[in-house]
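The values are calculated or read from the model by the stated rules, or taken from the named source; none is laboratory data. The structure displayed is predicted, hence computed values, not measured ones. Cβ atoms come from the backbone with ideal geometry, glycine included; neighbour counts cover every protein chain shown.
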């Protein structure tokens with residue numbers, strides 16, 4: 001039997017993924033990644049709501065071991081805290097401090113789960129790596145490329161967060177839940193007696209369990225000797241015409257499209273339109289001013305094609321829950337792509353991923369600049 005490594009987070013999805021890998025005839029070995037010490041989040045993060053929202057805690061590692069034992073497979077805890085901090089946490093903090101809005105889950109998937117973990121899986125003799133993501137991988141028999149597809153359950157689809165995976169990583173990847181619904185996954189867990197069957201879902205950004213990103217940015221202190229950069233200072237809030245409306249407490253408190261927390265009385269609700277980090281200025285305005293007809297995307301990763309050599313019709317997602325928007329993409333040199341939307345899109349946010357689709361196939365994606 002071929003050996004397959006399974007990333008087990010202690011949730012119902014990864015537990016059922018391990019069960020299905022075991023049922024399919026592979027020799028599975030579970031790996032639970034210790035990524036972040038929750039004690040670094042300070043006081044006030046130990047209430048029940050926060051515990052339900054986070055992942056990668058000691059309780060989750062225990063749940064993964066118990067689920068693995070119930071399935072009858074080994075499960076080992078691997079310490080990736082340094083790699084996680086270098087590849088995910090520090091870039092997250094620096095992006096917010098520079099006025100951009102990061103998407104750390106993408107980096108965690110490409111750099112940790114299918115980066116460091118693949119190398120560890122190889123050391124354990126595993127030829128495949130399975131996770132509990134809702135997505136699918138198929139091989140294009142005509143050109144040999146591995147394709148990333150949306151999950152059958154569009155409400156649970158996670159292909160957006162996997163767009164950075166390379167051909168080498170996709171060739172090793174297994175997504176056993178890609179053809180299933182969440183209800184079907186829980187029913188399998190109940191029927192097979194997995195202890196995670198009724199466990200609540202963790203939310204995104206496991207290292208900020210209370211959801212207060214600005215507070216995390218302010219209190220973050222690296223543990224490897226690097227000196228932390230100071231949080232951005234207060235500055236001006238202006239409207240689209242340049243008129244000063246008030247002050248802000250640091251650009252890391254804001255993201256494009258934000259409405260709450262601006263603190264300025266106006267005849268109409270105000271939204272964040274732009275963050276000018278070089279001027280330490282936040283630009284706000286009415287909702288009608290949020291639309292953008294195009295954006296520039298950098299560092300693209302191509303999956304369905306080898307490269308973008310000319311204009312291509314696609315639908316684009318500018319955030320994970322965004323309804324895909326019809327658009328034209330064109331290469332513009334320097335490893336960048338211009339995205340021209342058929343209709344203006346609200347909330348085009350620097351730092352977020354823009355992922356390109358053709359029907360259910362992920363063509364590729366990159367980072368809004």
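All but one of (1) within 22 Å of the chain's Cα centre (by Cα); (2) buried (at least 21 other Cβ atoms within 10 Å of the Cβ) hold for residue 194; which doesn't?
Of (1) within 22 Å of the chain's Cα centre (by Cα); (2) buried (at least 21 other Cβ atoms within 10 Å of the Cβ), only one is false for residue 194: (1).
Do any helices (runs of 4 or more DSSP H) entirely within the range 1-86 hold 3 or more residues that are modelled with pLDDT of 90 or more, and if so, which?
Helices (runs of 4 or more DSSP H) meeting the threshold: 12-23, 58-71, 81-84.
Suppose we filter 238, 251, 264 for residues that are farther than 23 Å from residue 92 by Cβ and buried (at least 20 other Cβ atoms within 10 Å of the Cβ); which single one remains?
So the residue among 238, 251, 264 that is farther than 23 Å from residue 92 by Cβ and buried (at least 20 other Cβ atoms within 10 Å of the Cβ) is 238.
Can you list the strands (runs of 3 or more DSSP E) found entirely within the range 308-369 that contain at least 2 residues being modelled with pLDDT under 95 and surrounded by fewer than 22 Cβ atoms within 10 Å (Cβ to Cβ)?
Qualifying strands (runs of 3 or more DSSP E): none found.
In this structure, is residue 222 surrounded by 12 or more Cβ atoms within 10 Å (Cβ to Cβ), more than 24 Å from the chain's Cα centre (by Cα) and under 23 Å from residue 95 (Cα atoms)?
The answer is no for residue 222.
Can you pull out the residues in the range 162-187 that are within 14 Å of residue 302 (Cα to Cα) and either buried (at least 23 other Cβ atoms within 10 Å of the Cβ) or touching a helix residue (DSSP H, G or I) at 6+ places or on another chain (Cβ under 7 Å) (or both)?
Residues satisfying the conditions are 162, 163, 164, 165, 169.
Looking only at residues in the range 123-135 that are surrounded by fewer than 20 Cβ atoms within 10 Å (Cβ to Cβ) and modelled with pLDDT of 90 or more, which one is farthest from residue 368 (Cα to Cα)?
Among them, the one singled out is 125.
Condition (residue is farther than 23 Å from residue 86 by Cβ, assigned by TED's automatic domain parsing to the domain that holds residue 18 and in contact with a helix residue (DSSP H, G or I) (Cβ under 7 Å, 6 or more places away or on another chain)) applied to the range 110-123: is it met by at least one residue?
No, the range 110-123 contains no residue that is farther than 23 Å from residue 86 by Cβ, assigned by TED's automatic domain parsing to the domain that holds residue 18 and in contact with a helix residue (DSSP H, G or I) (Cβ under 7 Å, 6 or more places away or on another chain).
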